[in-house]
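Comments concern the structure below.
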Amino acid sequence: MSANNPVPANLDVEIRGLILDPVSNTPIVILKKPNENLFLPIWIGVFEANAIALQLEGVQTPRPMTHDLLRAAVESLGGQVEAVLVHALVENTFHATITVRRTDGSTVELDARPSDAIALALRCGARIRVSTEVFSQAHAVEFREGEDEEKRLRDWLESLTPEQLGKYKM
């Protein structure tokens with residue numbers, strides 16, 4: 001890209017947790033920039049939230065879940081999930097890609113919902129990244145040093161109007 005249109009930076013993030021939207025009871029995954037007090041909420045589906053929660057809590061299921069199956073398929077075909085990237089917010093919907101490295105060293109990017117990409121990344125030990133553009137376009141929440149994060153998130157969610165709560169789609 002030209003100097004006038006620099007490539008947006010992609011930032012590594014960590015999962016801060018899962019919470020429920022107090023109005024709609026929709027799960028929200030909270031992503032956080034390490035060493036900073038900036039959080040990005042992404043509304044997700046119940047099944048994806050369950051898949052993320054099971055992995056975060058280290059719960060082993062008796063049979064493979066969908067994201068376990070996808071990990072096994074990628075690995076059995078000689079691929080490795082390298083990273084996932086939440087790269088866009090289009091018409092209030094987050095978009096992500098999964099980067100898979102092939103045995104020949106080339107990579108392929110797969111379009112995915114952020115929730116599925118995150119659940120897969122957790123199972124593969126892959127990096128989770130968010131573009132700086134998404135952080136600036138989305139309703140990221142910033143905290144002051146020493147502030148109670150859980151209380152601040154709850155207060156922030158309760159302060160949103162119904163229009164803001166329904167703004168982001170899965």
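Here are the numbers for this structure:
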item: Count of segment 113-130 residues which are of a type in the set (Gly, Ala, Ser) and over 11 Å from the mean Cα position of the chain (by Cα); result: 2
item: Residue that is farthest from Asp111 (Cα to Cα), among those in segment 59-93 that are hydrophobic (A, V, I, L, M, F, W, C) and touching a His at 6+ places or on another chain (Cβ under 9 Å); result: Leu89
item: Residue within segment 132-146 that is surrounded by 12 or more Cβ atoms within 10 Å (Cβ to Cβ), farther than 21 Å from Ala49 by Cβ and of a type in the set (A, V, I, L, M, F, W, C) present; result: yes
item: Segment 119-136, residues that are assigned to a helix (DSSP H, G or I) and touching a helix residue (DSSP H, G or I) at 6+ places or on another chain (Cβ under 6 Å); result: Ala119, Leu120, Leu122, Arg123, Cys124
item: Identity of the residue in segment 83-108, surrounded by 15 or more Cβ atoms within 10 Å (Cβ to Cβ) and either among the β-branched types (Val, Ile, Thr) or farther than 18 Å from Leu40 by Cβ (or both), that ends up farthest from the chain's Cα centre (by Cα); result: Arg101
item: Residue count, segment 88-118 (criterion: part of a loop (DSSP other than H, G, I, E, B) and of a type in the set (D, E, K, R)); result: 4
item: Which numbered condition Arg129 fails, given (1) charged (D, E, K, R); (2) surrounded by fewer than 20 Cβ atoms within 10 Å (Cβ to Cβ); (3) at pLDDT 95 or above; (4) within 15 Å of Val13 (Cβ to Cβ); result: (2)
item: Checklist (1) surrounded by fewer than 16 Cβ atoms within 10 Å (Cβ to Cβ); (2) modelled with pLDDT under 90 applied to Glu14, failing item; result: (2)
item: Some residue of segment 57-67 being out of contact with any strand residue (DSSP E or B) (no Cβ under 6 Å at 6 or more places or on another chain) and part of a helix (DSSP H, G or I); result: yes
item: Subset of segment 18-29 [in contact with a helix residue (DSSP H, G or I) (Cβ under 7 Å, 6 or more places away or on another chain) and at pLDDT 85 or above]; result: Leu18, Ile19, Pro27, Val29
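The values are calculated or read from the model by the stated rules, or taken from the named source; none is laboratory data. No experiment lies behind these values; they were computed from the predicted model shown. Cβ sites come from the backbone with ideal geometry, for glycine too, and all protein chains shown count toward neighbours.
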